[in-house]
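The values are calculated or read from the model by the stated rules, or taken from the named source; none is laboratory data. The structure displayed is predicted, hence computed values, not measured ones. Note that each Cβ is placed from the backbone with ideal geometry, even for glycine, and that neighbours are counted across all protein chains shown.
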Amino acid sequence: MDLFLAFAVSAVTLATPLLLAALGEAVSERAGVVNIGIEGVMLTAAFVGVAVCHATRSPWLGLVASVGGGLLLTAAFAALTINGGRDALLVGTALNILALGSTAVARRELVGDSNAAFIVPTLPLWGVPPVAFALCVAAWHWLFRTPSGLALRAAGENPAAAASAGLSVARLRWAALVFSGVACGLAGGYLALGLSNTFVEGMTAGRGFIALAIVIVGRRHPGGVFLAALVFGAAGSLQFRLQALGLETVPYQLFLALPYALTLVAAMLLSARATQSRPASQARAGRR
């Protein structure tokens, strides 16, 4: 029983940053915007949170700063894509590269040595998961039980019809991306301040891309995203359990690859179904 409880706790805590990032992306995709730059948003949020926590010695202030960092980078994405008309795929890729390089340089400037310890106070492990679950319920209610949620989904399904009905598609997409920025900021902050108490270069380690796969598996629905995130969190927890067994005949790299292998398998198996569930405006853009 104790072993199962430990596994469940580990699975939930590992699932939390994935759930937050995937939930933010699911909402933005419902509005017709795909942001593959959430890996960079999480990484930036993680660094900003740790830097502020390092200066103030308060992990909660660090978490607030993480949200601010996530919002800032997401706002840059929104300005370039929604207002500037730039290609979302290229902008998202550029933001990922920018975040990886700039946070590495900023860390070295702050610490002075790339190998120096950068330890900060840690958030309570259960400080953020309840917020993530509450956001999941709130996102479901907003999307499917409110007029503004219906309008946001209309902006993704048929932006021309939404505009002809007097809705501002740009404003609705900005609102979706603001939610995404907050959620991804929380994800990055919890990753750095809750699951660890430091910042390491590239510490998101592909979690943003796993979150994109969770959006596909969860069919862009908050409930589906919640369940998929728990599965991926359980895979991560299982990876650590298998490593702890010390099986000398099995290379530990195979255990490290388990969540990423699950990502590939899930994306391949569900890609056709995910295409059917994505907003119509995205489907039309994919055929051009």
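Among (1) at pLDDT 90 or above; (2) of a type in the set (Gly, Ala, Ser); (3) out of contact with any Leu (no Cβ under 6 Å at 6 or more places or on another chain), which single condition is SER271 missing?
Result: SER271 passes all but (1).
Hey, among the residues in region 31-51 that are over 12 Å from the mean Cα position of the chain (by Cα) and surrounded by fewer than 24 Cβ atoms within 10 Å (Cβ to Cβ), which one's nearest to HIS221 (Cα to Cα)?
This residue is VAL34.
Mind checking which pairs have a first residue in region 39-68 that is at negative phi and a second that is among the charged types (D, E, K, R) and assigned to a helix (DSSP H, G or I), Cβ under 9 Å, 6 or more apart or different chains?
GLU39/ARG207; MET42/ARG207; PHE47/ARG107; VAL50/ARG107; ALA51/ARG107
Quick check on region 195-216: of everything there that is surrounded by fewer than 24 Cβ atoms within 10 Å (Cβ to Cβ) and over 13 Å from the mean Cα position of the chain (by Cα), which residue is farthest from SER102 (Cα to Cα)?
The residue in question is LEU195.
Quick one: which residue in ARG107, ARG57 is modelled with pLDDT under 95, touching a Pro at 6+ places or on another chain (Cβ under 7 Å) and over 26 Å from GLY233 (Cα atoms)?
Numbers: ARG107 fails: touching a Pro at 6+ places or on another chain (Cβ under 7 Å).
The match here is ARG57.
What residue, of ALA165, ALA187, ALA155, is free of Cβ contacts under 8 Å to residues at least 12 places away in the same chain and of a type outside the set (Asp, Glu)?
Within the list ALA165, ALA187, ALA155, the selection yields ALA165.
Results for (1) under 24 Å from ALA75 (Cα atoms); (2) not basic (Lys, Arg), shown as yes or no for each residue.
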position	(1), (2)
ARG107	yes, no
VAL111	no, yes
PRO129	no, yes
LEU150	yes, yes
ALA170	yes, yes
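Specify the residue that is nearest to ALA15 (Cα to Cα); the eligible residues are those in region 217-241 that are surrounded by 21 or more Cβ atoms within 10 Å (Cβ to Cβ) and of a type in the set (Val, Ile, Thr).
VAL225
Does ALA139 meet the test of being out of contact with any His (no Cβ under 8 Å at 6 or more places or on another chain), surrounded by 14 or more Cβ atoms within 10 Å (Cβ to Cβ) and at pLDDT 95 or above?
On the way: out of contact with any His (no Cβ under 8 Å at 6 or more places or on another chain): yes; surrounded by 14 or more Cβ atoms within 10 Å (Cβ to Cβ): yes; at pLDDT 95 or above: yes.
Yes: the conditions hold for ALA139.
Given (1) in a helix (DSSP H, G or I); (2) farther than 30 Å from ALA162 by Cα; (3) of a type in the set (A, V, I, L, M), identify the lone condition not met by VAL91.
It fails just one condition, (2).
Residues that are closer than 22 Å to ALA55 by Cβ and either of a type outside the set (Phe, Trp, Tyr) or modelled with pLDDT under 95 (or both): which helices (runs of 4 or more DSSP H) entirely in region 149-217 hold 3 or more of them? It would help to see each step written out before you state the result.
On the way: elements: 159-164, 169-193, 207-217.
Helices (runs of 4 or more DSSP H) meeting the threshold: 169-193.
Being among the aromatic types (Phe, Trp, Tyr) and either in a helix (DSSP H, G or I) or within 17 Å of the chain's Cα centre (by Cα) (or both), is that true of even one residue in region 57-67?
The first filter runs over region 57-67 and keeps only residues among the aromatic types (Phe, Trp, Tyr), leaving 60.
Checking the rest, the ones that are also either in a helix (DSSP H, G or I) or within 17 Å of the chain's Cα centre (by Cα) (or both) come to 60.
Yes, some residue in region 57-67 is among the aromatic types (Phe, Trp, Tyr) and either in a helix (DSSP H, G or I) or within 17 Å of the chain's Cα centre (by Cα) (or both).
Any residue in region 81-95 that is of a type in the set (A, V, I, L, M, F, W, C), in contact (Cβ under 8 Å) with a residue 60 or more places away in the chain and touching a Phe, Trp or Tyr at 6+ places or on another chain (Cβ under 7 Å)?
So the first thing to find is which residues in region 81-95 are of a type in the set (A, V, I, L, M, F, W, C), and the list is 82, 88-91, 94-95.
So of that shortlist, the ones also in contact (Cβ under 8 Å) with a residue 60 or more places away in the chain come out as 82.
Retained after the next criterion (residues that are touching a Phe, Trp or Tyr at 6+ places or on another chain (Cβ under 7 Å)): 82.
Scanning region 81-95 turns up at least one residue that is of a type in the set (A, V, I, L, M, F, W, C), in contact (Cβ under 8 Å) with a residue 60 or more places away in the chain and touching a Phe, Trp or Tyr at 6+ places or on another chain (Cβ under 7 Å).
Is it the case that ALA22 is over 16 Å from the mean Cα position of the chain (by Cα), hydrophobic (A, V, I, L, M, F, W, C) and buried (at least 24 other Cβ atoms within 10 Å of the Cβ)? So that I can check it myself, show each step before the final result.
Details: over 16 Å from the mean Cα position of the chain (by Cα): no; hydrophobic (A, V, I, L, M, F, W, C): yes; buried (at least 24 other Cβ atoms within 10 Å of the Cβ): yes.
No, not satisfied.
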